[in-house]
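Following: one structure in C-alpha cells, then a few remarks.
We did not get these values from a lab; they are worked out from the coordinates using the rules stated. In this text the structure is predicted, and so the values were computed from the model without any measurement. All Cβ positions, glycine included, derive from the backbone under ideal geometry; neighbour counts span all protein chains shown.
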Amino acid sequence: MNGRKAICQRGYAKLNLSLDVCGVREDGYHEVAMIMQTIRLWDEVTAELQPVEEGITIECNLPYIPKDRRNLVYQAAELFLAECGLSSGVKLHVFKKIPVSAGLAGGSADAAATLKALNLLFGTQLPIARLIEMGAGLGSDVPYCLIGGTCLATGRGEIVERIRPMPEAFAVLIKPDFSISTPWAYARYDEMQSDIHPDLEAMQAAIAAGDWDGIRAQMINLLEPAVSDEYPVITDIRDQLLAHGARAALMSGSGPTVYGLFDKEKSARRCYFQLKKYFPERYTVIMRELYQPLGKRRLRNARKEAAN
Ligand code: C5P
C-alpha cells in the first residue's frame, strides 16, 4: 500500500472523428477503423479502500446510474481485484459530467479511470499494456479511454495507436433527449450497409497538415445514416452546426450526440449560445476544447513533427 486513502482519476469523453465499419466478425462484433479524439470533458472516479466484507460499492451523483455489476465501474473493479489476487473491499465514487448513453464513451471512460485509480490505490504498478488488456475485456472503447488523445482504433475498437495530434480546436456538442443502443445502431447499419467509406490515410494526412477541408471531407461515421434514418433530428443538428460556422460536424459513435468543430474559440462560443437558444431546453449543449494528454513538450514536438 502507498498509504494514500483515496485516489481520484479522470475519465475523458471521446469523439469519433470518423468511424468505418469493415465487416462482421465471427464473434458478432463489427470490424471497425475509427479515428478518435479526447475532449476536455471528464467524469471523476475516486477509489477508497474498505473492509473486504463490504465488497465493491459505488456512489454516483446521478441517482439513476446502476450501482451493481451492470455498471462498467463495478466490472472494472471486480476484474482488477481478481487479476491482482487482492482480497479487499473498494468504495468507488463516480462523479459524472459526461452525458450518459450519448456516443461519448462515458461508461468506458469511467472503467478506464477505475483501473487507473485502483492501480494507484493498491500500489500495484501494472504497466499500461496490462490495464489495456483488462480494459479490452470490459468494453471495446476502454483501451482507447486509457490512452486518449488523437488515436486510430481498429479490431473491434480495442487495438489503439496514437497518431499525429489534431490541430487545436473547440467542439460544440448537442445531445438530443433520447438514447441510442449501440447494438441497435450496428444492426441498423447491417440492414443498410454503405458504399461510402472514410479514407483514413487521407484523414491522418489532413490532421497532420492541419488541413480543415481535408479533415471535413473524411469526417464520416457509417453509423450516422443508420441512426439518422430513424432519428432525422441528427441531420438537423449537423446542418445547424455547419450553418453556424462549424468547420466540420458529425455524429459521435452510435450517437445520438452530434458535434461541430471550430478552429476559433470565439466562433465556437457564438455557435454554442445560438444553438442553446435554437434547440429545446431538454437537449444538452456543451462546448469544450479538444484535449491531448501528452504534456506541453511532447505535444509541441508531435505538432512540429506533423508539420514536417
Ligand atoms: O464492446 P462493447 O461492450 O462496448 O459493445 C457493445 C455492443 O456494441 C456489442 O455487444 C455489439 O453489439 C456492438 N459492437 C459491435 N462492434 C464493435 C463494437 C460494438 O457490433 N466493434
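Of note:
- When only Cα pairs below 8 angstrom with a gap of at least 6 residues are kept, the range 168-228 shows a relative contact order of 38 percent.
- Value of relative contact order over the chain, rounded to a whole percent, pairs C-alpha under 8 Å and six or more apart: 21
- Where GluC sites (Glu not before Pro) in DSSP loops with at most 12 other Cβ within 10 Å are excluded, longest remaining stretch of the chain: 27-280
- At an R0 of 22 angstrom, the distance between the Cβ atoms of residue 304 and residue 154 translates into a FRET efficiency of 0.25.
- Bins of 10 Å from zero: percent of alpha-carbon pairs in the chain: 6, 27, 34, 23, 8, 1
- Over the range 165-272, the Kirkwood radius and the radius of gyration, each from Cα atoms, give a ratio Rg/Rh of 0.98.
- Rounded to whole Hz, the Karplus (6.51, -1.76, 1.60) HN-Hα couplings of the range 210-216, x for glycine and proline: x, 8, 5, 5, x, 4, 4
- Remark on the range 99-209: Rg and Dmax equal 16.3, 50 Å (Cα only).
- Remark: for residue pairs 67/277; 5/116; 14/91, the C-alpha separation exceeds 24 Å in 67/277; 14/91.
- The range 92-196, relative contact order [Cα under 8 Å, separation at least 6], %: 21
- Among the chymotrypsin sites (Phe, Trp or Tyr not before Pro) found in the range 151-222, those both in a DSSP coil and sparsely packed, with 16 or fewer other Cβ atoms within 10 Å of their Cβ, are 178.
- About its Cα centre, the chain has a charge dipole of approximately 1620 debye under the convention of +1 per Lys or Arg Cβ and -1 per Asp or Glu Cβ, with nothing else charged.
- Take the Cα of residue 177, go 7 Å toward its beta carbon, and the backbone nitrogen atoms of the range 265-280 under 13 Å from that spot belong to 279-280.
- Taking Cα centre as origin and charging only the Cβ of basic (Lys, Arg, +1) and acidic (Asp, Glu, -1) residues, the dipole magnitude of the range 207-308 rounds to 840 debye.
- In the chain, excluding the sites themselves, the longest stretch lacking any of the trypsin sites (Lys or Arg not before Pro) that are in a DSSP loop with at most 10 other Cβ atoms within 10 Å is 71-281.
- Positive-end residue of 33, 252, 139, charge dipole of the chain with Cβ unit charges: 252
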